[in-house]
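Undergrad: My questions will all concern the structure given below.
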Amino acid sequence: MTKIGFNVLAWSAVVSDDLMPLADRLKKIGYDGVECFVGAAEDPTAYHRFGKHVRDLDMEMTGVTVVSPDTNPISESASVREKALERIKWTIDRTHDLGARILCGPFHSAHAHFSKRPAQDEEYGWAAEVLHAAGVYAAQADVTLALEALNRFECYLCNTAEQLSRLVKMAGHPNVRAMFDTHHANVEEKSYAGAIKTLAPILAHVHISENDRGTPGGSHLPWDTIFGTLAEIEYNKWLTIEAFSRNDPDFANSIGVWREYNEPWDIAEQGFTFIQSMCQKHGL
């Protein structure tokens, strides 16, 4: 059975006790899980406490993360690539502290950091080497790394499902998989169905995100095609809403969120109803 999650980045990028009331309300709405950003809170005890709170609600956790230019897996510098692996390992440890089994995100390369040239074969090789080693480490914690393709304004290594599939295959580890984000695909993919089918053999996670990062279901995105194709490939994992606001200004500024799209609780409540209805319609 598919599970429905909500990413609390709509409120904060920091894992702390302040997130606990949010999890309580998400549970009341009907969510199966909570996703949070792994990296902003350096205190491991915060991850332990929040993960335990979510488990006590009989919910599950997933995590999402990014890497910065000083921990870039595709840096020309071997020492920076070593730092990238150590940072990803640290993030896997915190994911384990949460009790989560999925760590998703575009940590194949530094977020919003560009080389002023298209991705090079050498860069794919560097990323694959780091990610293979990260996969070996993740396997010990029973964590799956679900890599994400981002739009051209946030990344240059993996913009499309084809590029992401190439990288996952190069990494060559069963704990290194892929995720699909409906927001980024709106910019980069010629076909939603084609992109989902490309990732089908390695698909471990899905973000349900509107074109404007507001409430899912209220735009031009081809939602019937998206849910219909997920049903066709017999996808049975997470459908997690990732929507943003300016509640956490530092995070909002880092990803270019300059206005409010919808109120986060409206996104959570209406988005849950939308996903439920689409799953029922398409037999997910």
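Undergrad: Among the candidates Ile92, Ile88, Ile102, single out the residue that is β-branched (Val, Ile, Thr), touching a residue at least 60 places away in the same chain (Cβ under 8 Å) and under 23 Å from Phe251 (Cβ atoms).
TA: Details: Ile92 fails: touching a residue at least 60 places away in the same chain (Cβ under 8 Å); Ile88 fails: touching a residue at least 60 places away in the same chain (Cβ under 8 Å).
Step by step, each of Ile92, Ile88, Ile102 is checked, and only Ile102 is β-branched (Val, Ile, Thr), touching a residue at least 60 places away in the same chain (Cβ under 8 Å) and under 23 Å from Phe251 (Cβ atoms).
Undergrad: In this structure, does Ala231 turn out to be free of Cβ contacts under 8 Å to residues at least 40 places away in the same chain, in a helix (DSSP H, G or I) and small (Gly, Ala, Ser)? Can you show your working first?
TA: Values: free of Cβ contacts under 8 Å to residues at least 40 places away in the same chain: no; in a helix (DSSP H, G or I): yes; small (Gly, Ala, Ser): yes.
Judged against the criteria, Ala231 is not a match.
Undergrad: Now a separate question. Checking the conditions here, which among Arg152, Arg166 is surrounded by fewer than 23 Cβ atoms within 10 Å (Cβ to Cβ), touching a residue at least 40 places away in the same chain (Cβ under 8 Å) and not small (Gly, Ala, Ser)? Show your work before the answer.
TA: Numbers: Arg152 fails: touching a residue at least 40 places away in the same chain (Cβ under 8 Å).
Exactly one residue qualifies, and that residue is Arg166.
Undergrad: I'd like to know if the range 191-205 contains one or more residues that are more than 21 Å from Ile241 (Cβ to Cβ) and within 15 Å of the chain's Cα centre (by Cα).
TA: Yes, some residue in the range 191-205 is more than 21 Å from Ile241 (Cβ to Cβ) and within 15 Å of the chain's Cα centre (by Cα).
Undergrad: While we're looking at this one, here's another question. So, of the residues in the range 109-139 that are more than 19 Å from the chain's Cα centre (by Cα) and assigned to a loop (DSSP other than H, G, I, E, B), which turns out to be surrounded by the most Cβ atoms within 10 Å (Cβ to Cβ)?
TA: By that ranking, first place goes to Ala119.
Undergrad: Considering only residues that are touching a Ser or Thr at 6+ places or on another chain (Cβ under 6 Å) and either on the phi > 0 side of the Ramachandran plot or assigned to a loop (DSSP other than H, G, I, E, B) (or both), look in the range 234-259 and name the one that is modelled with the highest pLDDT.
TA: Ranking the qualifying residues of the range 234-259, first place goes to Asn236.
Undergrad: Can I ask one more? Please specify each residue of the range 55-85 satisfying the condition of being free of Cβ contacts under 8 Å to residues at least 60 places away in the same chain, hydroxyl-bearing (Ser, Thr, Tyr) and out of contact with any Pro (no Cβ under 8 Å at 6 or more places or on another chain).
TA: The first filter runs over the range 55-85 and keeps only residues free of Cβ contacts under 8 Å to residues at least 60 places away in the same chain, leaving 55-61, 63, 65-73, 75-85.
With the extra rule that they be hydroxyl-bearing (Ser, Thr, Tyr), the set shrinks to 65, 68, 71, 75, 77, 79.
Within the range 55-85, Thr65, Ser68, Thr71, Ser77, Ser79 meet the criteria.
The values are calculated or read from the model by the stated rules, or taken from the named source; none is laboratory data. Note that the structure is predicted; figures quoted are calculated from it, not measured. Glycine also receives a Cβ, built like all others from the backbone with ideal geometry; neighbour counts cover every protein chain displayed.
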